[in-house]
Every structure is written in structure tokens, then in C-alpha cells.
1. At q = 0.12, 0.17, 0.20 Å⁻¹, what log₁₀ I(q)/I(0) does a Debye calculation on the Cα points of the chain give, no solvent, two decimals?
2. Which length gain, in nm to one decimal place, applies between Leu79 and Ser33 when the Cα-Cα distance is subtracted from 0.36 nm times their residue separation?
Amino acid sequence: MRRGDRIASAVVVAFAANAVALVVCAILFDRFSVSMTSFPVVLLVVAILSLLVPPVVTSVVKEYAPALTVGVSLISVWLVLLLADLLLDGLVIEGVLTWVVSVLVFWGAGLMTAAVLNPRPSGRRA
């Protein structure tokens, strides 16, 4: 697969995973809401932040708090949702439990995205 095709596939899968995570959180939690009129904008902002935030968090954590390296993806997801919540009127996240489980839902969506984009070869293990 060509590099451009891989990037396009990654963007499509990431958008789909973020869309599913937004819908799942909106359905599961009364205190997580996305207005239907702003859903495309929320999805776009979350997707862009999801691309920009993790490298920054990784760099900062490696420099100032190496012990937190294992939690970089969770910290990144939390920061993405926090920024989106603060920047957009169409996304509202309230309550500690809603925040914690929403971060886990988005983190899981990210794991599924990575699994789809980087499948393990079937067959024998080395």
C-alpha cells in the first residue's frame, strides 16, 4: 500500500473511531452531550486534536516526568476531550464519572484504531 493510501486509511479509520466514541458516550451518559447540529464540527476538532496532542504530551512527559510514559495515551485523550469541551459549545461533559469513563471509551476507540491499522500477521509467532 502506498504512503498516501495508508495516511488516507488512517484518517478515515480515526474519524470513524472518534465518531463511534462520541455517539457511544452520548448514549451511555446523561452528562455527555453533543448537539446534532455541531456533531461534524465536534468530530473534526476532536480528530485534529487527537493528531496534535499526543506528540506534544509524549515530548513533555519524556522530558519532565518519564515515570508517566505508560499513561501518555490516557493523558492525551483526557486533554483532547478537555480542550474540545472548553473550545466548543456543542460538546458538554460534566461529572467525574462521566469524564473518567468517557476517557476510557475514547482510549478504547484509539486502541481499536491502532489494531485495525496495524494488524498482527496471522500464523506463527516468533
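Readers should treat all values here as calculations from the given coordinates under stated rules, not as data from a laboratory. All values derive from a computational prediction rather than experimental measurement.
1. -0.49, -0.92, -1.16
2. Going from the current span to full extension adds 14.8 nm.
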